[in-house]
Ligand code: BEZ
């Protein structure tokens, strides 16, 4: 199955380290981050699960639920989490799905049919409408940057509420772009903090929600 941005995130029922999860029901009105791993006890993934555990408080403040998946059993997951907590000096505090048969990995199109299972290293951001807002697939050799995932969620939440887009390398608090659909004459009413008209198609304004 080939998923694209804007598609409904496929629903599933999964066994996790925190009990059975009915995915859409579990998400409720929250945003979701689903990130996947090809196997337990893999070194880069060990650091990633630990890094994410240190960020879950921040994600929770943005109404984001975190869910990991790895293609191994629950028993294996529990042993791996002990290792992660020990080596990464943290406490994994979000569910890890057991997907030993690659059922959910295949549902999300994470497994390349002609390559080995190590292609299962994806991140999905899912909106409260259950639609896919971002998909990134990483090589095995490169650990994921979860600050970037957090940054994208900040952007997605901002741009869902205002007629703006965020420029390259934008960070919370920096100026944003007024979308082309907004006419020049509408700008003072919509963006009372002021704006800069760099070009007719590139108009910026201070971040409107702070
Ligand atoms: C890892 O180090 O996490 C990893 C190694 C090989 C394949 C996939 C992941």
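The values are calculated or read from the model by the stated rules, or taken from the named source; none is laboratory data. Predicted model only: the values in this text are computed from it and were never measured. We place every Cβ from the backbone using ideal geometry, glycine too, and count neighbours over all the protein chains shown.
Scanning segment 1-26 for residues that are assigned to a loop (DSSP other than H, G, I, E, B) and without any contact (Cβ under 8 Å) to a residue 12 or more places away in the chain yields nothing. Per the listing 176, 198, the residue uniquely touching a strand residue (DSSP E or B) at 6+ places or on another chain (Cβ under 9 Å) and surrounded by 12 or more Cβ atoms within 10 Å (Cβ to Cβ) is 176.
Return yes when residue 97 is in a helix (DSSP H, G or I), closer than 19 Å to residue 122 by Cα and more than 16 Å from the ligand (Cβ to nearest atom) and no when it is not. Walk me through it before giving the result.
Working: in a helix (DSSP H, G or I): no; closer than 19 Å to residue 122 by Cα: yes; more than 16 Å from the ligand (Cβ to nearest atom): yes.
Against the criterion (in a helix (DSSP H, G or I), closer than 19 Å to residue 122 by Cα and more than 16 Å from the ligand (Cβ to nearest atom)), residue 97 does not qualify.
Got at least one residue in segment 117-124 being within 16 Å of the ligand (Cβ to nearest atom) and surrounded by fewer than 17 Cβ atoms within 10 Å (Cβ to Cβ)?
So far as segment 117-124 goes, yes, one or more of its residues are within 16 Å of the ligand (Cβ to nearest atom) and surrounded by fewer than 17 Cβ atoms within 10 Å (Cβ to Cβ).
Return yes or no: is residue 140 outside the structural domain of residue 46 (by TED's automatic domain parsing), out of contact with any strand residue (DSSP E or B) (no Cβ under 8 Å at 6 or more places or on another chain) and either within 16 Å of the ligand (Cβ to nearest atom) or farther than 24 Å from residue 102 by Cβ (or both)? For residue 140, the condition - outside the structural domain of residue 46 (by TED's automatic domain parsing), out of contact with any strand residue (DSSP E or B) (no Cβ under 8 Å at 6 or more places or on another chain) and either within 16 Å of the ligand (Cβ to nearest atom) or farther than 24 Å from residue 102 by Cβ (or both) - is not met.
Total residues in segment 57-90 satisfying the condition of being under 30 Å from residue 209 (Cα atoms) and either crowded, with 18+ Cβ neighbours inside 10 Å or not assigned by TED's automatic domain parsing to the domain that holds residue 108 (or both): the figure is 5.
If you go through segment 14-43 and keep only what is closer than 23 Å to residue 153 by Cα and within 16 Å of the ligand (Cβ to nearest atom), you end up with 35, 36, 37. Residue under question is residue 49, and the condition is that it be outside any helix (DSSP H, G or I) and within 18 Å of the chain's Cα centre (by Cα); does it hold? So residue 49 fails the test.
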